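Everything on this sheet refers to the single structure shown next.
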Amino acid sequence: MISNDTIQKYKKILEEERTVLETELQKIGVRNPSNPSDWVAAKGSDEAFGADRNDNADIFEEMQDANATISKLEVRFDEVNRALGKIEEGTYGICEISGSEIEADRLEANPAARTCKAHMHQSL
Ligand SMILES: [Zn+2]
């Protein structure tokens, strides 16, 4: 079993990471009004395209870059939130595939890990 101290240590790490991710997301994105767990590029959401075609192309490119970054941040943000949720539920550190305990060094490397080493490359 993972000790409570270890869980508290990871909880702190995860909470800090969540804050960092949220800050990063807020810099380039806004929450999708119709789905608050989804983020979209801030640019282009309201400040729409103008008459200048070159400007529009630039805005479009920036939006694409922002959306690509947001997607990556969002994946991690969800993982971190999920791990924090598991700490609340008392199921933290359990492989989602086999139900066995996740190795200590794997959690050390990634406190948001969802699977044990045997299943780390398996899609969930
Ligand atoms: Zn497993």
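The values are calculated or read from the model by the stated rules, or taken from the named source; none is laboratory data. Nothing here was measured: the structure is a model prediction, and the numbers come from that model. Cβ coordinates were reconstructed from backbone atoms using ideal geometry, including for glycine residues, and neighbour counts include every protein chain displayed. Heavy atoms of the whole protein, side chains included, go into the accessibility calculation; ligands, DNA and RNA do not. Shrake-Rupley method; radii C 1.70, N 1.55, O 1.52, S 1.80 Å.
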Next item on the list: Would you give the gap between the C-alpha center of region 55-124 and the C-alpha center of region 1-30, rounded to a whole Å?
Entry: 11
Note to self: Of Ala42, Gly90, Ala109, which is farthest towards the positive pole of the chain's charge dipole, taken about the Cα centre with +1 and -1 on the beta-carbons of Lys, Arg and Asp, Glu respectively?
What the structure shows: Gly90
Checklist line | Lys27, Lys86, reordered so the largest accessible area comes first (probe 1.4 Å) | finding: Lys27, Lys86
Checklist line | Expected 222 nm ellipticity per residue - DSSP helices of 4 or more, -39500 (n - 2.57), all of the chain, to 500 | finding: -19000 deg cm²/dmol
Item checked: For region 28-124, Kirkwood radius (reciprocal of mean inverse C-alpha pair distance, Å) -> 15.9
Next item on the list: Return one number: the angle in degrees, 0 to 90 and rounded to the nearest 10, between the long axis of the Cα atoms of helix 53-89 and the longest principal axis of the Cα atoms of the chain.
Entry: 20
Notebook entry, point to check: Top mean-square fluctuation among Ala66, Ala57, Ala104, Gaussian network model of the chain, C-alpha springs under 10 Å?
Noted result: Ala57
Next item on the list: Give the angle, between 0 and 90 degrees and rounded to the nearest 10, that separates the Cα long axis of helix 4-28 from the longest principal axis of the Cα atoms of the chain.
Entry: 10
Next item on the list: Would you mind computing Rg(Cα) / (2.2 N^0.38 Å) for region 1-85, counting N as its residues?
Entry: 1.43
Next item on the list: Would you work out the charge dipole size for the chain about its Cα centre, treating the Cβ of every Lys and Arg as +1 and the Cβ of every Asp and Glu as -1, and quote it to the nearest 20 debye?
Entry: 440
Note to self: If I take every Cα pair under 8 Å that is 6 or more residues apart in the chain, average their sequence separation and divide by the length, what percent do I get for the relative contact order?
What the structure shows: 24
Margin query: Could you identify which residue out of Asn35, Asn67, Asn81 has the top mean-square fluctuation in a GNM of the chain using Cα springs shorter than 10 Å?
Written below: Asn35
